[in-house]
Amino acid sequence: MDVVLLAMIVTNVTVNLIGISANSILIFLVIKKTRKELRNYSVLILNCAVFDFIACVCSLFVDQRLIPSELGYFFFSHGPCRLFGSTVCYFGYIVMLHCYPHGLYSLFYSFCYRYYILSHDQPKIPTIIATKLAIIVAPFFGR
């Protein structure tokens with residue numbers, strides 16, 4: 001095996017295992033240790049942690065490599081998804097790609113939420129969840 005490829009695989013595994021561990025701890029802390037005053041905002045933190053966790057799991061599962069050429073781009077999966085076929089690898093890659101912009105949307109929504117509560121009452125948890133669901137579904141209807 002090529003040394004560069006091996007280094008990339010080891011780096012991918014290490015970074016994603018750290019991400020999975022950190023997000024697992026964050027999910028546990030949000031569920032078990034959140035104070036009552038922060039319960040509404042903790043929904044947003046939990047959402048970010050869950051989607052980051054899913055992105056890390058998918059990245060570890062797929063371990064995708066992009067190879068450019070004159071004919072186009074070629075995607076090679078080095079992860080365990082190879083055992084299940086190219087369709088499973090493609091689906092894992094798509095889920096991973098969906099999680100990345102969702103993290104950016106969640107960050108923007110968190111800023112909007114914090115700005116909103118400076119001059120208004122905190123929205124109820126069902127309102128926050130409904131808004132987050134709209135943010136999750138919105139990219140599926142784009143373009």
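Quick rundown of the values:
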item: Index of the failed condition, residue 66 passing every other in (1) over 21 Å from residue 140 (Cα atoms); (2) free of Cβ contacts under 8 Å to residues at least 12 places away in the same chain; (3) in a helix (DSSP H, G or I); result: (3)
item: Any hit, segment 7-17, residues being at pLDDT below 90 and out of contact with any helix residue (DSSP H, G or I) (no Cβ under 6 Å at 6 or more places or on another chain); result: yes
item: Residue match in segment 71-90 (condition: in contact with a strand residue (DSSP E or B) (Cβ under 8 Å, 6 or more places away or on another chain), without any contact (Cβ under 8 Å) to a residue 60 or more places away in the chain and among the polar types (S, T, N, Q)); result: yes
item: Test for residue 100: is it on the phi < 0 side of the Ramachandran plot, among the hydroxyl-bearing types (Ser, Thr, Tyr), touching a residue at least 40 places away in the same chain (Cβ under 8 Å) and out of contact with any His (no Cβ under 9 Å at 6 or more places or on another chain); result: yes
item: Out of 59, 21, sole residue that is part of a helix (DSSP H, G or I), among the polar types (S, T, N, Q), surrounded by 15 or more Cβ atoms within 10 Å (Cβ to Cβ) and out of contact with any Lys or Arg (no Cβ under 6 Å at 6 or more places or on another chain); result: 59
item: Condition check for residue 9: under 23 Å from residue 109 (Cα atoms) and either polar (S, T, N, Q) or in contact (Cβ under 8 Å) with a residue 12 or more places away in the chain (or both); result: no
item: Segment 109-121: number of residues that are surrounded by fewer than 15 Cβ atoms within 10 Å (Cβ to Cβ) and in contact with a helix residue (DSSP H, G or I) (Cβ under 9 Å, 6 or more places away or on another chain); result: 2
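The values are calculated or read from the model by the stated rules, or taken from the named source; none is laboratory data. Here the structure is a predicted model, which is why all the values come from computation and not from measurement. For neighbour counting, all protein chains shown are included, and Cβ atoms are generated from backbone atoms with ideal geometry for every residue, glycine included.
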